[in-house]
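Please treat every number below as a calculation from the coordinates, not as lab data. Only a predicted model underlies this, so the values are computations on that prediction, with no experimental measurement involved. Ideal geometry is used to build each Cβ from the backbone, glycine not excepted, and the neighbour counts take in all protein chains shown.
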């Protein structure tokens, strides 16, 4: 999945979404993810849904002769004409505090000791933060678990009827594993092509593994926060990759804009997009990243007027990276991946070996988006197991000839070389590669 996140409050009403669909398709994205589109409660937050079977009035064109649902179906059909499928947020761990559901189904909600309905909360910097505009569904101990489950399934089927072919399941780890197993199984029995992805940010590696085992096609990983040095990301990656695939992203609607964090450094934007796209099977990018937007997306206050006029245009680079990901199977799967030590600590040397095809890849990435960094190795071929020559498939500044013995190069700020090769069948079954794969798997 190569996903473009269309943020509905920035895109505006549905009649204005077509240029964004077209631009995403032109850049090589094959999925478009849309944050919640259902009617919100009094807070106005996209993630505080009051009515699951009505669309958010802020995205409905009031001048259209078509109903809200017809407008939405027209958008999903337009996307499919561009060769892009659409997925949407599925928020069934909580709803808006002013929803009518507590009156209609009081047994569906978590209760505090005093009998009041519980609000979701978290601990941040030692302080408890409570979301007062939300109330928690009780999927585990509800007195009407079957009724709550059937309601959630009806929500999924409603969104499928609108044309959505995939779901990003918000805070998926907060629901019991057996609920997801049943829901995913029920839906896929009727709609086998529907894809379920799990948002698991902020949970432990064990929680991520537990959630992934519920049958999700993908989980979102934490590659965005990796500093290219620590061991934690690869450790998490190895835990999950045998169960399901994962999705990386350079920024999201929950984070600051990377362009703002990096003070407009385009090399940093390219570096992070390249790494996110090639590290794991799936990747996602929010709208505006391609133009270096700096204003953070907000689930309540963002409006189409927040569209920024910039001098940044990364569309060609992103198109090249996405095309590279599509051409080589190794970048479409979770596979044995290892960091190889090198002389310059400011350079990342990442080795990947496909478990499904003969492909291997070597990524040489300048961790420093501000300065040139020198990379040197006496023999580049010693870092791969394949006997075939390495090919440079980098999205920028590819080498026509790779001088492997030695290899010496001054990497531009944030620059990444992407090299691929292939091993023969005997090399995959015998010798050092088999040993390396066994070591990584263990």
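How high is the relative contact order of segment 108-238, in percent, with contacts defined as C-alpha pairs under 8 Å that are six or more residues apart?
Reported relative contact order: 17 percent.
Could you order the peptides 387-393, 83-89 from most to least packed, using the average number of other C-beta atoms within 10 Å per residue?
Ranking the peptides 387-393, 83-89 by packing returns 83-89, 387-393.
Report the label-to-label distance for residue 326 and residue 64 in nanometres (one decimal), using points 7 Å from each Cα along the Cα→Cβ vector.
2.7
How far is helix 177-190 tilted off the main Cα axis of the chain, in degrees rounded to 10, range 0 to 90?
90
Does segment 345-384 come out rounded, prolate or oblate, given a ≥ b ≥ c as the square roots of the eigenvalues of its C-alpha gyration tensor, rounded meaning a/c under 1.5 and, failing that, prolate meaning a/b above b/c?
oblate
Can you give me the Cα centroid spacing of segment 32-90 and segment 94-163 in angstrom?
First find each Cα centre; the distance between them is then 21 Å.
Beta carbons within 10 angstrom, averaged per residue: use that to sort the peptides 202-208, 49-55, highest first.
My ranking of the peptides, most packed first, is 49-55, 202-208.
Pull out a ≥ b ≥ c, the square roots of the eigenvalues of the alpha-carbon gyration tensor of the chain, then state rounded if a/c is under 1.5, prolate if not and a/b is larger than b/c, and oblate in the remaining case.
It is prolate, given that a/c is not under 1.5 and a/b is the larger ratio.
So, R0 is 30 Å and r is the distance between the beta-carbons of residue 382 and residue 319; what FRET efficiency does that work out to, to 0.05?
0.35
When you count, for each residue, the other Cβ atoms within 10 Å and take the mean per peptide, how do 59-65, 273-279, 313-319 rank with the highest first?
Packing order, densest peptide first, comes out as 273-279, 313-319, 59-65.
Using Cβ counts within 10 Å as a stand-in for footprinting exposure, how do 108, 351 rank, fewest first?
Result, fewest neighbours first: 351, 108.
Using a Gaussian network model of the chain whose springs link C-alpha atoms within less than 10 Å, name the residue from 280, 121, 354 with the highest mean-square fluctuation.
Ranking 280, 121, 354 by mean-square fluctuation puts 121 first.
May I ask for the angle, rounded to the nearest 10°, between helix 315-327 and the longest principal axis of the chain, with both axes built from Cα atoms and the value confined to 0 to 90°?
Value to nearest ten degrees: 80.
Within segment 1-113, what percent of beta bridges assigned by DSSP are antiparallel, to the nearest 5?
25
Taking the chain as the reference, fit the longest principal axis to its C-alpha atoms, fit the long axis of helix 432-441 to the helix C-alpha atoms, and give the angle between the two in degrees, 0 to 90, nearest 10.
With rounding to tens, the tilt is 30 degrees.
Given an 8 Å cut-off on Cα distances and at least 6 residues of separation, report the relative contact order of the chain as a percent.
Contact order relative to length: 12 percent.
Would segment 226-276 count as rounded, prolate or oblate if I go by the C-alpha gyration tensor, calling it rounded below 1.5 in a/c and otherwise prolate when a/b exceeds b/c, oblate otherwise?
Prolate, since a/c reaches 1.5 and a/b exceeds b/c.
Report, for the chain, the % of DSSP beta bridges that are antiparallel, rounded to 5.
DSSP beta bridges in the chain are roughly 55 percent antiparallel.
Given the rule -39500 (n - 2.57) for each run of at least 4 DSSP H residues, summed and divided by the residues of the chain, what is its mean residue ellipticity at 222 nm, to the nearest 500 deg cm²/dmol?
-8500 deg cm²/dmol
What percent do you get for the relative contact order of segment 252-384 when only Cα pairs under 8 Å and 6+ apart count?
21
Rounded to whole Å, give me the distance from the Cα center of segment 251-306 to that of segment 207-243.
21
Would you mind calculating the gained length between residue 128 and residue 146 on full extension (0.36 nm times residue separation, minus the Cα-Cα distance), in nm to one decimal?
Full extension of this stretch gives 3.3 nm more.
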